[in-house]
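Contents: one structure, followed by commentary.
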Amino acid sequence: MLARDPLPGGVEICSPSTYTLRSNIVAGVTGTGFAGGMGLVVGTMAFPTDPLLLFGLGGAAALAGAGFMAFDRLRPRVGLRILVLTPDGFVGGLDGGAVRAFLWPRVASFTNGRDALGEPALEVRAVDGSLMSRTAARFFGEPLDVVVAVAEAYRRRAVASLSG
């Protein structure tokens, strides 16, 4: 599960927003860096106030940013796994800490909870009541109620198949 290999019978719940944010940051930094570099070049010349030249620099910076954003969007994606459910167990982390694999017989429930900041979060409780995993709801691409329902249904089915 931890090796990121395909998981027969597994369900991966991924975050769709990570790539959009990263792409926008890459494009913004690239465009700003290009414009700043060109500004230094033009600033050392005798005609830094020529409106046509400044318009051209702004256009070149925008094109560079758009080009890098397009390049970033076309690269192959490996989904950012937020929660992985498999026939043997699930993979999850605790408040952004190390990700671990847990076997189904140790898992009692998936529930709505709160993270350390008081925001909605998916909580996974062990049979002894301890907190095994907690992930902030903002990382999921679906409403938390849907994620909890899917995870809990998968857990019940997996436990029934292991004991039957």
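Throughout, read-outs are computed from the coordinates displayed, never taken from laboratory work. All values derive from a computational prediction rather than experimental measurement. When we count neighbours, we look across all protein chains shown, and the Cβ atoms used for this are built from the backbone with ideal geometry, even at glycine.
Numbers below:
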item	result
Amide proton proximity set for Ser109, modelled H, under 5 Å, gap of 5+	Arg125
Lys, Arg +1 and Asp, Glu -1 on Cβ, resulting dipole of region 80-163 about Cα centre, debye, nearest 20	200
Cut-off under 5 Å, modelled amide H: who pairs with Ile82 long-range	Ile13, Cys14, Ser15
Projected label distance in nm at Ser109 and Ser161, using a 7 Å step from Cα toward the beta-carbon	2.4
